[in-house]
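> Sharing a structure here in structure tokens format.
Computed from the coordinates by the stated procedures, all read-outs in this text should not be read as laboratory data. The model shown is predicted, which means the values in this text are computed figures rather than measured ones. All Cβ positions, even for glycine, are placed from backbone atoms using ideal geometry, and neighbour counts span all protein chains on display.
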Amino acid sequence: MQKLIFIPKNKEKLSRFEDHYIINNVSEKLLNEKVDELFLKANNCIEDEDFSESLKFYDLILKIDSKNISALIDKGTTLQILGRIKLAIKCFNKALDISPHNIDALINKGSALHLNKEYLKAIDCYDDVLKIDKKYSMAFAYKGLSLAELGNLSEAINYFKKALSVDKYCTLAQISKETAENLLNSTN
């Protein structure tokens with residue numbers, strides 16, 4: 001990431017600004033390399049299912065760059081895996097404060113809200129995703145799950161079908177559609 005800096009017209013001061021520009025670029029490159037290294041370590045922890053250890057690396061990344069969207073989302077997802085749902089939602093909210101239309105943050109926040117049994121709020125997140133990307137199959141599928149939890153099986157089935165119309169291999173939508181249809185048939 002390069003920053004734009006003011007370069008004076010006065011040639012005597014130009015050298016000092018060029019040095020500053022070079023130093024800034026080198027510093028930024030070193031920081032980016034450090035962040036990349038920390039992400040790699042966090043990913044290795046995730047692969048080893050050492051989720052608690054991965055949180056330490058996300059925290060180190062966020063100390064370097066408190067507005068790193070990927071670190072916030074990954075940390076939130078990891079917290080969600082660990083069952084720390086409220087903290088996960090806080091991470092997703094921080095990411096959304098920085099980037100309000102970030103689909104990954106919205107879909108993950110919706111998923112966390114769903115786990116927290118806040119189905120209407122989860123549906124709001126999925127609707128926000130669908131305003132950004134009208135063909136996001138997982139948003140349709142997740143919305144269907146939340147609707148099913150609210151007892152709206154017919155509407156849930158419609159959303160599972162929408163997910164499958166976008167992605168015919170969406171396993172979550174296929175299994176959920178069949179389950180919802182079976183439940184609906186058994187209640188009739």
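> I'd like to know if the range 148-171 contains one or more residues that are outside any helix (DSSP H, G or I), more than 16 Å from ASN182 (Cβ to Cβ) and under 20 Å from the mean Cα position of the chain (by Cα).
Yes, the range 148-171 has at least one match.
> For residues that are of a type in the set (D, E, K, R) and outside any helix (DSSP H, G or I), scanning just the range 61-94, find the one that is nearest to TYR119 (Cα to Cα).
So in the range 61-94, the residues of a type in the set (D, E, K, R) come out as 63, 65, 67, 74-75, 84, 86, 90, 94.
After this cut, where a residue has to be outside any helix (DSSP H, G or I) as well, the list is 65, 67, 84.
Working: ASP65: 32, LYS67: 28, ARG84: 17 Å.
So the residue we want is ARG84.
> Just to be sure I understand, how many residues within the range 123-143 are among the small types (Gly, Ala, Ser) and over 14 Å from the mean Cα position of the chain (by Cα)?
Here is the first cut: in the range 123-143, the residues among the small types (Gly, Ala, Ser) are 137, 139, 141.
Adding the requirement that they be over 14 Å from the mean Cα position of the chain (by Cα) leaves 137, 141.
Adding up the residues that qualify gives 2.
> If we scan the range 95-105, do we find a residue that is crowded, with 22+ Cβ neighbours inside 10 Å, part of a helix (DSSP H, G or I), under 11 Å from the mean Cα position of the chain (by Cα) and acidic (Asp, Glu)? Reasoning before the result, please.
First, pick out the residues of the range 95-105 that are crowded, with 22+ Cβ neighbours inside 10 Å: 95, 105.
With the extra rule that they be part of a helix (DSSP H, G or I), the set shrinks to 95, 105.
Filter again for under 11 Å from the mean Cα position of the chain (by Cα), leaving 95, 105.
Subset that is acidic (Asp, Glu): none.
No, that holds for no residue.
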